[in-house]
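Notes follow once the structure below has been shown.
The values are calculated or read from the model by the stated rules, or taken from the named source; none is laboratory data. Treat the numbers as computed from the prediction; the structure is a model and nothing was measured. When we count neighbours, we look across all protein chains shown, and the Cβ atoms used for this are built from the backbone with ideal geometry, even at glycine.
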Amino acid sequence: MPLSFIDLIALSAFFLSWSGYTWFARKKAKTTDCLARSLNQHRIHWMYETITRDVRVGEAALLANLERNIAFFASSTLLILAGILTLFAQIDTLESVIFSMPYADHVSHSSIQIKLSLLAFIFVLSFFQFTWSMRQYGFVNVMVGAAPIDTSGLNDNLKAYAKQIAIVQDQAAHSYNYGLRSYYFALAAICWFFHPFLFVLMSVWVVYTLYIREFNSKSVKAIIAGQEYLRLERDAKDKATVKLV
């Protein structure tokens, strides 16, 4: 067997941590204020404001900046994949490097190949997520360009259209987030080269870090507070419009 029983347990814990946290975060975001839920509300407000502006240069610049960030990670992922594939031809060198490290677990050629394959698999998934996110931001650009201009206020049809734009943008942001999450778990997978227990420990640490950043960080609390201020401001504008009518 190229992998020991402990390696199999560690690998199972890794996939359980990744899939389990993905399911947990998606489920909890539906009922709890968090990064994804709050930013979705900000996107809806953003699209409301976009339709009421006759000049949308700022929106174009912001969307282009988001696409550039994703393009950077997509291109970086290809470079990382090229490096991983190169390591398949340097198994002996990699094995000697691992043996030279203190407390490193004994590894064989076949186990190193499996671990490299896991890393390659993770970054292939990451590349698909980043490129799909880029395409969806392109869809958002098309929908923003097709949006009519109504500086007098939004009717129900325009509000519904703005929400659909925000939905597409939200899906693009989710794909981007999944790609970044792959990078986090790839760092945990690197620890498998040294010891399976370290692999499990880093998988749990990645889950803890993601939870804190997405549900309980200072940035999330500020975004949630900003969402409430935006809601109050929009309610005040709606009441003022009703009084004028």
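Would you point out which residue out of ILE98, ILE6, ILE91, ILE44 is in contact with a Pro (Cβ under 9 Å, 6 or more places away or on another chain) and not aromatic (Phe, Trp, Tyr)?
The match here is ILE6.
If I go through the stretch 79-89 residue by residue, how many of them are loosely packed, with under 11 Cβ neighbours inside 10 Å and within 13 Å of HIS109 (Cα to Cα)?
Residues meeting the conditions: 1.
Sort through VAL242, VAL206, VAL220 and tell me the only one that's farther than 16 Å from ALA36 by Cβ, within 22 Å of the chain's Cα centre (by Cα) and either surrounded by fewer than 16 Cβ atoms within 10 Å (Cβ to Cβ) or at pLDDT 85 or above (or both). Before the answer, list the steps.
Numbers: VAL242 fails: within 22 Å of the chain's Cα centre (by Cα); VAL220 fails: farther than 16 Å from ALA36 by Cβ.
VAL206 is the lone residue from the list that is farther than 16 Å from ALA36 by Cβ, within 22 Å of the chain's Cα centre (by Cα) and either surrounded by fewer than 16 Cβ atoms within 10 Å (Cβ to Cβ) or at pLDDT 85 or above (or both).
Could you figure out which of (1) farther than 23 Å from ILE122 by Cβ; (2) polar (S, T, N, Q); (3) free of Cβ contacts under 8 Å to residues at least 12 places away in the same chain isn't true of THR32?
Every listed condition holds for THR32 apart from (3).
Give me the pairs, please: first residue somewhere in the stretch 43-62 and at pLDDT 85 or above, second residue anywhere and of a type in the set (Phe, Trp, Tyr) and outside any helix (DSSP H, G or I), beta-carbon distance under 8 Å, and either six or more positions apart or on two chains.
Pairs that qualify, where the first residue is at pLDDT 85 or above and the partner is of a type in the set (Phe, Trp, Tyr) and outside any helix (DSSP H, G or I): there are none.
If I ask for residues that are under 25 Å from PHE73 (Cα atoms) and either in contact with a strand residue (DSSP E or B) (Cβ under 7 Å, 6 or more places away or on another chain) or surrounded by fewer than 18 Cβ atoms within 10 Å (Cβ to Cβ) (or both), which ones from the stretch 144-167 would you list? Break it down stepwise before answering.
Of all residues in the stretch 144-167, those under 25 Å from PHE73 (Cα atoms) come to 144, 165-167.
Selection gives ILE167 alone.
Within the group ILE44, ILE9, which residue is within 26 Å of SER175 (Cβ to Cβ) and not in a loop (DSSP other than H, G, I, E, B)? Don't jump to the end; show me each part of the working.
Details: ILE9 fails: within 26 Å of SER175 (Cβ to Cβ).
Going through ILE44, ILE9 in turn, the sole match is ILE44.
Among the listed residues VAL107, VAL144, VAL124, which satisfies the condition of being in contact with a Lys or Arg (Cβ under 7 Å, 6 or more places away or on another chain) and in contact (Cβ under 8 Å) with a residue 24 or more places away in the chain? Explain how you work it out, then say what you get.
Numbers: VAL107 fails: in contact with a Lys or Arg (Cβ under 7 Å, 6 or more places away or on another chain); VAL124 fails: in contact with a Lys or Arg (Cβ under 7 Å, 6 or more places away or on another chain).
None of the other options fit; the residue is VAL144.
Which of (1) in a helix (DSSP H, G or I); (2) farther than 19 Å from THR93 by Cα; (3) more than 22 Å from the chain's Cα centre (by Cα) does TYR137 not meet, given it meets every other one?
(3)
State all residues of the stretch 180-190 that are closer than 13 Å to ILE112 by Cα and buried (at least 21 other Cβ atoms within 10 Å of the Cβ); if no residue qualifies, say none. Give the steps one after another, and end with the answer.
Step one: filter the stretch 180-190 for residues closer than 13 Å to ILE112 by Cα, giving 189-190.
Scanning the stretch 180-190 gives a single hit, ALA189.
Checking LYS30 against (1) under 30 Å from the mean Cα position of the chain (by Cα); (2) surrounded by 13 or more Cβ atoms within 10 Å (Cβ to Cβ); (3) modelled with pLDDT under 90, which single condition isn't satisfied?
So LYS30 meets the others, but not (2).
For ARG37, which of the numbered conditions (1) without any contact (Cβ under 8 Å) to a residue 12 or more places away in the chain; (2) crowded, with 16+ Cβ neighbours inside 10 Å; (3) within 25 Å of PHE127 (Cβ to Cβ) fails to hold?
Condition not satisfied by ARG37: (3).
Mind listing just one residue for me: the one in the stretch 99-126 that is over 31 Å from the mean Cα position of the chain (by Cα) and part of a helix (DSSP H, G or I) and, of those, modelled with the lowest pLDDT?
Looking only at the stretch 99-126, we keep the residues that are over 31 Å from the mean Cα position of the chain (by Cα), and these are 99-110.
Still in the running and part of a helix (DSSP H, G or I): 99, 109-110.
Working: PHE99: 79, HIS109: 82, SER110: 87.
Step by step, filter the stretch 99-126, then rank; the result is PHE99.
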